[in-house]
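Computed from the coordinates by the stated procedures, all read-outs in this text should not be read as laboratory data. Here the structure is a predicted model, which means the values were calculated and not measured.
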Amino acid sequence: MMLSQRCQYALRAVFELAKQAGRGPIKIHDIAKEQAIPPRFLEIILNQMKQAGIVDSRRGKEGGYFLVKSAGETTVGDVIRLIQGPICIVDCRAGGADSDCPLCGDCVFWPLWEEAREALLRVYDKKTFSDLVAEDSQRMRNKAPIYTI
């Protein structure tokens, strides 16, 4: 399953909001800068996530975006489904049992596609943004400083 650039941006935006949780609303400009996302595109993505109830916003000088639920309650799978739709390995899996495929119901690959989809779901639905923030913190601590003279 290939994640679209839009989906990757959405994941990075939610990750940045999770990193900044507790610091008040975060401005689009700051999210865009930290996560290398074009601000105009980010605006559209955040609006979609706002309508879905993943993020919310506050207007004004101290305004910006914030997560509606805690980072520990929001999974990578939640964001992927919102932006890309059902998590599938191949197109015929997205259509379900009544797909247009001429081999529907008699395909040797169907169980394989299902097994792969279930593995992806386990990974994406288990990983919360709180987990990612913790992993990022650990990664940053493990980075050895580079000194040059």
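Annotations for the structure displayed:
- For the chain, the pair-distance distribution built from all alpha carbon pairs, in bins 5 Å wide starting at 0, is 2, 8, 16, 18, 16, 12, 10, 8, 6, 3, 1, 1, 0, 0 percent.
- Once Rg and the Kirkwood radius are both taken over the C-alpha atoms of region 108-149, their ratio Rg/Rh works out to 1.37.
- Lysine pairs in the chain whose alpha-carbon atoms fall under 22 angstrom of each other, counting only those eight or more residues apart or on distinct chains, come to 19.
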